[in-house]
């Protein structure tokens, strides 16, 4: 129906006439004729906006939306303030390209500079890039930036998110480097020391880890540095409001999935790859970085900086091919952090932790339900759960997305968004199924 | 303008959360953060004003003409945004049970159907988050294919010297040695150079067609045949697909796999540098090597990121594809090409096209003679265009043309816009001969003048610090 | 353009000063062509260099250029001052040595000042 082409048929004819042509197909004279499509595409006819709206709404309606979400595992249902939804929808932010032309892009550039500063504050690291695709690719890029000629093996904790491990494995397959998975005992990284051979370039740990457990991140970092390797921490940014920052744990690179910072679950994306490092590794960071400078009149100005690291200049010698990142998601994350402020973010972290602990203790009062791993956790935990399928089905029927089935039990999560009443209701349903 | 930190007032905050209705959970001191959390403290009004002020210092497609070559800055329809903000999409957990995500899966299935038909491919993944990520995924298909056949001696990827930097960078990320081949005078593949580069060590060729100077390589069937004969595979960089969609298909040109930039060709907004989405398609024989995602379950598959991909971007693209349908897709391409040729024709006589012939959706101006005569560079012209209310074209790309300006008007611009733009170009051309001085220091009407990039790189300031 | 007589040159615009150890830098022509140099990627002392092969690179705002070693040997010293002050490569190209090499056992084809000047004239 539409193609958003504004020119009228008469105008198109005028333009063709100016070119000495009658038909737009004449413009394709270079295309071998045998290759040109002869008939129409085997696609539905175009539709009006009204029809498209109806069809998209019908598709969305085929999904099941849950009022209460007790599942995390890499994507977290935090409350998104209204203003955090509205501002990124401004057309200027939405429809601009990468800010190559600094003079008409100060708004985007400054938003990224502010984002970089906030990420440095959260992680304690010296420098942040403007984002990569998601937390998993951030970990993979971190592994790449830590390698050198002498050290090429990457280690990753087996308690990291399976998608993160798989993504790092894929990137290692690409460049032909070795990846070794460090064993897990009692839900946390174990026996790291034995794997820290002289060819190890970096070790990646996730904090809190996939099972929600808190790793002894400082001790792991000390081991890594003793062996002369680099320490990469993959962190939940919300947790950093109250947990020791990567810098405090000795990390050389901090990465993380930025989705909890104001981005919707959106069935997996777009999300945000957070990446920050020590000053020493600044020029090894991949992707866009915004820097502050001045113009000829001495006015503060922001530009894409340190570009000689990047693919458009370094080509096959660049350590990463990334160009577009997740700028609008970074703007959203910065906006979320500014809206919540330091107290607000700490409140989100504390309440998420408190509610997860409440849920855990209530669930563990039920027969056959117990924590699988000992030790401290943040806002996720694994429990045993008899009649798992029946319990999850009953919760689902009540509009509650239960925990995620994992090896040995179910991985639960709570955020500040769920109320005590919702948690009590969920526990009551579990109890009922277990009793029946 | 002020940084958000400079607006901060201690103690100021928004009322977002209720107080906690369960008992606080204790946190062992050993795990606790010691360092103060220094985020800005603002009211909601402060936040709103700050970002509104920022938004006034951004130039988007909604602001005016944006002929940024190779970026396909077409209009981003609002209905696509509304579709992507439906709670039935935004509220879905990526690990929700399959039965609860029928709508999401249907979106991917339907988008795959459209894109397979447009590209001439048999299967599609939506996991890659951007064009470069799609290239990575696509070249990994090639690598897995050769590995599965035990042909590990295929260690080289051929890339024309006119290619975008992501192509060689991608090949290197996939462990390949890059063989750069020179382009012929018209920017097309030099068949002799290609023949000389091909051999038993060839893993594949990465190519965009139309190429980076906006010309359709008429030898394309011969090119892909030669690569296949040598045992290599052909990768299509879909950066320029907007010129040919619905008219000719990469699959019919002999390509084996392809990435498409949904944020270029399929009108999803670029967001000031992402999120995009790089759908990757392939012929049937490569299907088993596609990454694991919602549509491609299974152990052993590679995975290029977490979860299914930038799903909400795919939702936007699907809304766009549904709007265009079978007639709208080729109509968009033909008008993109018509607009480019018309604009080139209107500018010709002042600035010179690098290739004086019919172009596809974009064309390159070569300002080297002009610069010699006037001292005004491509950069000066680009910056002067800003003062005329226009976003500059892509500068100094492709590298094979000196003093290049690359223009891609897209199909969503009207004849009036093109006429006005051409008049501005002709006017600047004359100004360069009459009064070049102001052009060297343009732009003049922007919040800042040209930034000192040398200073930015030599003494990097990458975050704000309290004095 | 400054081309000191006492130095030897490569076609890729590095200069070389012989002595107990061999000192290597980039020429006035090179720094001029690159424009404002903003960063240098240096090797480490103890690294081996091979004549004609890359040992580092220099970055300007919009370009990066490989540094090719005129000799084979072992790097005994790198000029770390350049990490903080890469502009020295622009302002004093022949004072701003980049690496010092010992145990030199092979040389690239080297040009004397006159031949190098001719070579630059050709390239310009």
Gyration tensor (alpha-carbon) shape descriptor, chain C, a/c threshold 1.5: oblate
Of A:29, A:349, A:217, the one that fluctuates the most in a GNM where chain A has Cα springs shorter than 10 Å: A:29
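Once you average over the residues of B:160-173, how many Cβ atoms of partner chains fall within 10 Å of each Cβ? Intermediate results must be reported in sequence, preceding the final value.
On the way: counts 0, 1, 0, 1, 5, 10, 10, 4, 7, 13, 6, 4, 11, 12.
Taking all residues of B:160-173 together, the mean is 6.
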Residues B:441, A:98 arranged by fewest to most Cβ contacts within 10 Å: B:441, A:98
Alpha-carbon centroids, the stretch A:379-407 and the stretch A:10-71: separation in whole Å: 43
The stretch B:430-465 and the stretch B:91-136: distance between their alpha carbon centers, rounded to Å: 42
R0 of 60 Å, Cβ-Cβ distance residue B:182-residue A:428: FRET efficiency to nearest 0.05: 0.25
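For chain A, what's the relative contact order in percent, using C-alpha pairs closer than 8 Å and at least 6 residues apart? If you can, show how the numbers build up before the last one.
Working: 776 pairs, mean separation 87.1, N = 436.
The normalised contact order for chain A reaches 20 percent.
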Amide N proximity, the stretch A:302-334 versus residue B:38 label position 7 Å along Cα-to-Cβ, cut-off under 20 Å: A:334
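Using a Förster radius of 45 Å, what is the FRET efficiency between residue C:1 and residue A:86 based on their Cβ-Cβ separation? Nearest 0.05, please.
Working: r = 59 Å, r/R0 = 1.31.
After rounding to 0.05, the efficiency reads 0.15.
Suppose only helical runs count, i.e. DSSP H with n ≥ 4. What mean residue ellipticity at 222 nm does that imply for chain B under -39500 (n - 2.57) per run, divided by all residues and rounded to the nearest 500 deg cm²/dmol? Let's see the in-between values first.
Details: 15 runs with 173 residues, N = 467.
Using -39500 (n - 2.57) per qualifying helix, the result is -11500 deg cm²/dmol.
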Amide N proximity, the stretch B:368-390 versus residue A:297 label position 7 Å along Cα-to-Cβ, cut-off under 18 Å: B:383-389
Crossing angle, helix A:420-435 versus chain A [Cα axis fit, 0-90 degrees, rounded to tens]: 70
Cβ-based exposure ranking for A:252, B:192, in which fewest neighbours within 10 Å come first: B:192, A:252
Peptide A:166-176, shielding by other chains (average Cβ, 10 Å cutoff): 6
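Once a ≥ b ≥ c are taken as the square roots of the eigenvalues of the Cα gyration tensor of the stretch B:78-322, is the result rounded (a/c under 1.5), prolate (a/b larger than b/c) or oblate (a/b not larger than b/c)? Please list the in-between numbers first.
Details: a/c = 2.20, a/b = 1.56, b/c = 1.41.
Prolate, because a/c is 1.5 or more and a/b exceeds b/c.
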Relative contact order, percent, chain B [alpha-carbon distance under 8 Å, six or more residues apart]: 19
Part-to-part distance (alpha-carbon centres) for the stretch A:252-317 and the stretch A:139-162, which is given in Å: 19
With Cα atoms, 0 to 90° folded angle of helix A:9-18 axis to chain A main axis: 60
Partner chain coverage, peptide A:15-21 - average Cβ within 10 angstrom: 4
Chain B: C-alpha gyration tensor shape, a/c 1.5 cut-off, then a/b vs b/c: oblate
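Take the Cβ-Cβ distance between residue B:396 and residue A:387 as r, set R0 to 51 Å, and report the resulting FRET efficiency rounded to the nearest 0.05.
Here the calculated transfer efficiency is 0.20.
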Inter-label distance for residue C:87 and residue A:37, nm, one decimal - labels placed 7 Å from Cα along Cα-to-Cβ: 5.7
Separation of the residue B:149 and residue A:317 label points, Cα + 7 Å toward Cβ, nm: 3.3
Residues A:21, B:253, sorted so that the one with the fewest Cβ neighbours within 10 Å comes first: A:21, B:253
Model label zone, residue A:8; criterion: amide N under 19 Å from point 7 Å along Cα-to-beta-carbon; scope the stretch B:335-351: B:335, B:339
Inter-probe distance in nm under a simple model that places probes 7 Å from Cα toward Cβ, at residue A:226 and residue C:62: 5.2
Extension gain, residue A:126 back to residue A:26 (0.36 nm per residue minus Cα-Cα distance, nm): 30.3 nm
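Please state, as a whole number in µm²/s, the translational diffusion coefficient that the Stokes-Einstein equation yields for the protein assembly as shown at 4 °C and 1.567 mPa s, with Rh defined as the Kirkwood radius across alpha carbon pairs. Don't skip to the answer; put the middle values down first.
Working: Rh = 29.7 Å.
Using the Kirkwood radius from Cα pairs, D works out to 44 µm²/s.
Ordered by packing density, taken as the mean number of other Cβ atoms within 10 Å over each peptide's residues, highest first, how do B:338-350, A:387-399 rank?
Working: B:338-350: 22.0, A:387-399: 16.1.
The densest-packed peptide leads the list: B:338-350, A:387-399.
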Angle between chain A longest axis and helix A:49-61 axis [Cα atoms, degrees, rounded to 10]: 20
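Quick note: the coordinates plus some simple rules give every number you see, no bench work behind them. Small disclaimer: the values here were computed from a predicted structure and weren't measured. With ideal geometry, Cβ positions are generated from the backbone for all residues, glycine too; neighbour counts draw on all protein chains shown.
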